[in-house]
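So the structure is just underneath, and the comments pick up after that.
Derivation of every value follows stated rules applied to the coordinates shown; laboratory data play no part. Being a predicted model, the structure only gives us computed values, none of them experimental. Neighbour counts run over all protein chains shown; Cβ positions are idealised from the backbone, glycine included.
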Amino acid sequence: MKGLRFYGDGRAAVEDVPVPEPKKGEVLLRTAVSALCGSEHADYLAGLEEMPGHEFAGIVEETNGCGMLKPGDQVTVNVIKGCGNCYFCKKGQPQFCSSFSVLSGGHAEYAAVPEQCCIRLPEGMEMEVGVLLGGDTLGVAYRAIGKIRQDWARNAAVFGAGPIGLGVISLLKYYGYHVSVWEPNPIRRQYALDLAGADEAGEAYDPESEPKADVVFECSGNAAAELSALEGVRPAGTVVFCGENYRELKIVPSYQIIHREVTLTGAFYYTRQDFYDLCEIYYRGFDPRSAVSHIFPLEEAPEACRMFFGGKTAKVLLKR
Ligand SMILES: [Zn+2]
Ligand SMILES: [Zn+2]
């Protein structure tokens, strides 16, 4: 089968690799589509032993000791695999399990996936829609918006218009918010306006400007942007961190949090229930394709990666 490999320094290739063998409790999925994700950038630069790809959907080809799925079922994949036994796994929140692992291998024609990570698509749902509703672009965006008090927040600011930022913008617009976007890359700014439907877009947010946003979604993971989110939200407003940042961030709690009663929270991945909620929103008219700018065949994945990780696209799909 064909599969994408990352060799480091931005070198990628589509190669012939063996079809994986599903272990007990796994299905072999014939993938139909996968999506490139900003969180793969580090692997694209550093190289990756295994096959990349953590957002994908496909058709069950065969099963090995599975109870629910059968060949022919169409599924999307939630790649967080929890222990299955702890409090959070039992609550359907494996992303909080202390021993979760993350599957990959979706940028290939076939993938072996634990049955517990597959989510059956509603009858008739297109694979492209399934991979978007069942990926972390909209999943994280949906969780992030779930963190805010929607009864009073109408003015939202979004920092960073990569895929997650675009997902946040398009959902906020669906819900009827006024959305301003702050993004230094002019190509992404334009996607935020044209694809995701943002009301206004600028290069960098000025925390001193008025009126301040009721809620700020920080989707860049940049420390300076995180600070301006905390300083730029209105008093008693909410800041949601969605952009991953493993570095230190220095704040003065009295200034940034206490005196202005700012709520700071985060959003991480998504649950099966979030997927079902997103399906409901989709059937009420939300278009998940509003974050997608390019669709490439899997064979052209290296070119797709060059453009995507070079900041020249919005969300990118790889079709088989
Ligand atoms: Zn992702
Ligand atoms: Zn667990």
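Numbers at a glance
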item	result
Theoretical FRET efficiency, 1/(1+(r/R0)^6), r = Cβ-Cβ of ARG272 and VAL252, R0 30 Å, to 0.05	0.15
Bins of 10 Å, starting at 0 and running to the largest distance - Cα pair percent for the stretch 140-266	14, 51, 31, 4
Angle between the chain longest axis and helix 223-232 axis [Cα atoms, degrees, rounded to 10]	50
Distant-in-sequence amide H partners of ALA32 (H built 1.01 Å from N, under 5 Å)	ALA57, GLY58, ILE59
Eligible lysines near LYS147 by straight Cα distance, threshold 21 Å, same-chain separation 8 or greater	LYS91, LYS173, LYS212
Length gained when the stretch TYR87-VAL17 is fully extended (0.36 nm per residue, less Cα-Cα span)	21.4 nm
Amide H contacts under 5 Å for HIS294, placed H, 5+ residues apart	ALA314, LEU317
Ordering of 98-104, 134-140 by packing [mean C-beta count within 10 Å, highest first]	134-140, 98-104
Partner lysines for LYS319 [C-alpha distance under 19 Å; skip if fewer than 8 residues away on the same chain]	LYS2
Table column - 3J(HN,Hα) (Hz), the stretch 157-171, Karplus curve with 6.51, -1.76, 1.60, x for Gly and Pro	10, 10, 9, x, 10, x, x, 5, x, 5, x, 4, 4, 5, 5
Of GLY146, ALA225, GLY160, farthest towards positive along the dipole that unit charges on Lys, Arg, Asp, Glu beta carbons give the stretch 140-266	GLY146
Backbone HN-Hα couplings from phi across the stretch 121-136 [Karplus 6.51/-1.76/1.60, Hz, Gly and Pro as x]	6, x, 3, x, 6, 5, 4, 4, 5, x, 6, 6, 5, x, x, 7
Filtered GluC sites (Glu not before Pro), the stretch 212-320: DSSP coil and at most 15 other beta carbons within 10 Å	GLU244, GLU248, GLU261
Ellipsoid semi-axes in whole angstrom, largest first, where each is sqrt(5λ) of the Cα gyration tensor of the chain	34, 21, 18
